[in-house]
Amino acid sequence: MKKTASKRDLLTLFDLTPNELLKILSRAAYYKKQRKQKKLSAYLKGKNVALVFEKPSTRTKVSFDVAVNELGGHSVSLQSDSSQLGRGETYEDTAKVLSRYVQGIVIRTFGQEGLEELAQASSIPVINALSDFCHPCQVLADLLTIQEHKDKKLQTTVSYIGDGNNMTNTWIMAALMLGFPLKVATPQGYEAQVDEIKKYAAKFPAYQKNWKNITLSHDPEDGVKDVSVVNTDTWFSMGQEVSDEKRKLFEPFQLNASLMKKAKKDAIVLHCLPAHRGEEVTDDVLDGPQSRIWDEAENRLHVQKAVLEFLVRK
Ligand code: CP
């Protein structure tokens, strides 16, 4: 794939054009096939990538680590509790230093502002491995899973049920870019950050027409009615206080067999994981025949390779 500028970041999905996003999915599918054939491409030979995690991770950390290594590069891991970030060194200073050592930064952090500060001060690509605002690499893997199991053209109706969090925000951004119908149902007071998304989307006049395909409601049954893809996520994101009051409010949004009956008969189920079984999703749905969660998790690896190739390979 060709890059269009000298240094590019992936801080939100809007850092890609719709065409670039689709090319990344296509490359991820290529990497998946290639790995099955036990072949690898050394596109990151001689490159070092810093994996900076200020929050816990299993899938994102391991998939990026394996992706860098299988592409012939070398990864260096930093956790906030064992690096100077955890003692208050600024994102700006961290970025300037890492830019002298490595060729790319993958970072899981808190605020989008910190991520933007880091990217601004970096002379190397910065990849968002989850922020409080969005999780672009996860939704890229989810889109690949939809292509594999439901609709190659990504025009089928997708639903997101539950907490209005970074995943919800990212699904809205994906729907704005690609124009597929998206139904979001969240409890009152737990909506997606629509005003913030609108600020980012304002730079893209071509996306505005796609708001009409996005339904935001507080009705879980309507949220899954006749959809082809049903998504949910934890009710308590990392760092959020767990409360019985919130759990009670969210009960009607639990993805269970009864709610699944409202979706299309052949709808698939996605969950970015980790799941809180018996809370936002029941075991029978998560482990049932409509679930595609393990393919979804595997696709993280293939997508990370495609993202690294696009941004870090020169
Ligand atoms: N889905 C996801 O980001 O998983 P991890 O928190 O384990 O990385």
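Numbers below:
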item	result
Trypsin sites (Lys or Arg not before Pro) restricted to DSSP loop in region 71-174 with at most 12 other C-beta within 10 Å	152, 153
All-pairs alpha carbon distance profile, region 86-178, 5 Å steps from 0, percent	3, 13, 20, 19, 14, 12, 10, 6, 3, 0
Farthest toward positive dipole pole in region 30-172 [+1 Lys/Arg, -1 Asp/Glu at C-beta], among 75, 147, 131	147
Phi to ³J(HN,Hα) by Karplus 6.51 cos²θ - 1.76 cosθ + 1.60 over region 105-112, Hz, x for Gly, Pro	10, 9, 9, 9, 9, 9, x, 5
Candidate aspartates and glutamates - alpha carbon under 12 Å from residue 150, same-chain residues fewer than 8 apart omitted	142, 266
Links that overshoot a 27 Å alpha carbon limit, given the list 23/314; 7/153; 153/183; 199/264; 61/96	7/153; 199/264
Cα centre as origin, Lys/Arg/Asp/Glu Cβ charges: the chain dipole, Debye	1940 debye
0 to 90° range, to nearest 10: angle between helix 59-70 axis and the chain longest Cα axis	40 degrees
Between 0 and 90°, nearest 10: helix 18-36 axis offset from the chain longest Cα axis	80 degrees
Residue 127 long-range amide H proximity, modeled H, under 5 Å	10, 105, 106, 107
Placed amide H near residue 78: partners under 5 Å, 5+ positions off or other chain	51, 52, 53
Entries in 39/305; 32/152; 152/225 that, when Cα-Cα distance is taken, lie over 18 Å	152/225
Inverse mean reciprocal Cα-Cα distance (Kirkwood Rh) of the chain, Å	19.8 Å
Integer Hz, Karplus 6.51/-1.76/1.60 couplings in order for region 138-148, x for Gly and Pro	5, 5, 4, 5, 5, 5, 4, 5, 5, 4, 5
Cα-only radius of gyration and Dmax that characterise region 153-283, units Å	14.3, 42
Among 191-199, 241-249, 175-183, the order from most to least packed when residues are scored by Cβ within 10 Å on average	175-183, 191-199, 241-249
Relative contact order (percent, whole number), the chain, Cα cutoff 8 Å, 6+ residue spacing	21 percent
Ranked packing of 74-86, 118-130, most packed first, by mean Cβ within 10 Å	118-130, 74-86
Amide H partners (placed H, <5 Å) of residue 183, local residues excluded	158, 159, 160, 215
The chain, helix-only ellipticity at 222 nm - DSSP H runs n ≥ 4, -39,500 (n - 2.57), divided by all residues, nearest 500	-12000 deg cm²/dmol
Ratio of the Cα radius of gyration of region 212-260 to 2.2 N^0.38 Å, where N counts its residues	1.29
From phi via Karplus (6.51, -1.76, 1.60), per-residue ³J(HN,Hα) for region 284-298 in Hz, x at Gly/Pro	5, 7, 5, 9, x, x, 8, 6, 10, 5, 6, 5, 4, 5, 4
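Read-outs throughout are calculated quantities, based only on the coordinates presented, and are distinct from any laboratory measurement. Treat the numbers as computed from the prediction; the structure is a model and nothing was measured. Note: ideal-geometry Cβ built from the backbone for every residue, glycine included; neighbour counts use all protein chains shown.
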